[in-house]
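Structure, as structure tokens:
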Amino acid sequence: MKYTTWAFSLALALLPSAARAEHFDIKLTATGPDGMGKEAFADQTPPIGGLNPRPVLRAKAGDTIAIQFIMTNVYAHESARNAGIRFYIVREPQLGQKPVPPLENLTAEGSFTFNLKPKAKIGAKERVVMSQPGVYLLRVESQRTQRDHEHFAAIDLEIR
Amino acid sequence: MSRLPAVKMGAGRKAGALALGVWLGSCLGAGAENFAISLKVQSGGREQTAVSGQPAGAPPTFKAKAKDVVWVQWSAANGASGPPVSDITLHVFMDRGDARAHAPKPGPKALYESALIQDFERGVKSSGEFRMSMPEPGTYLVRAETIGAAGKLGKEAAAVMQVSVQ
């Protein structure tokens, strides 16, 4: 069963990076038509834009980009009701900019609302046609986790 | 939409089933009839809704045009009394294909696929959504389903809709 395989890959993909984040582990990937991809891991905000530089995936207008993320609550003793995860692709003025641009005219977006329990796993993948040249921010982020900070992972997309 | 190599998905079917089995605990309790999934597709001020537990037959169809942006929303809730139903995977996908097919599965080029694992106590609700531009004409299916509920509730729950893009 294809979905079973994918569900398993969620678990497998988490294992190498489970120790990198204190609360939320995230692995975000963006893959272009040539099969070459970039990946990013959990960062946190504040500070604005996080601590890590963002990788850049370069592609052409009209290309389809496959995005995928897997998030796990690795903090073993805490739950949060009505927590959320949001992901989106939005234009940004320049590569690597720290502030998140206004979330208007999103190229793709999605979200989840759920009761976050220890070791909870959430994953999604989507194929997005990047029809217009420009610089874009691909970002997945936690919301409402009842902590003093939220986690995210992000990749810049440069579409020529 | 251009043809792409599939996103690398790792291990095979048997290993996947085994790992999923490890994930899934056992929790007997609520009846499947009380576990409800609702699925809604919207675009251009129109909407269509599908719910789980419907008799077999033609699912609802939502019509759209190529390049239309569609908004897909789903929710799952456990309305049953009894102990929490633990480790339920809520699996959602959109792919090309006919929604009337029996237990359709997403292919490697599915437009969207997500999985969320959580415990469903009585009254607990989980929801999600995505928005995307329909890339080209064709027949698509959207399916929101449980995985791992059959062993606890007696059967899986699924809500299905067909999206016809002209």
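Computed from backbone phi with θ = phi - 60° and the Karplus coefficients 6.51, -1.76 and 1.60, the 3J(HN,Hα) list for segment B:78-90 is 9, x, 8, 7, x, x, x, 9, 9, 6, 8, 8, 9 Hz; x is used for glycine and proline. Segment A:83-160 and segment B:110-129 have their alpha-carbon centroids 18 Å apart.
Histogrammed with a bin width of 10 Å, the alpha carbon distances of segment B:92-145 distribute as 20, 47, 25, 8, 0 percent, first bin at zero.
Taking GluC sites (Glu not before Pro) across segment B:70-142, none is in a DSSP loop with at most 11 further Cβ atoms lying within 10 angstrom of its Cβ.
Taken together, the values in this text are just the output of simple stated rules run on the coordinates, not laboratory data. No experiment lies behind these values; they were computed from the predicted model shown. Don't worry about glycine lacking a Cβ; one is built from the backbone with ideal geometry, like all the others, and counts go over all protein chains shown.
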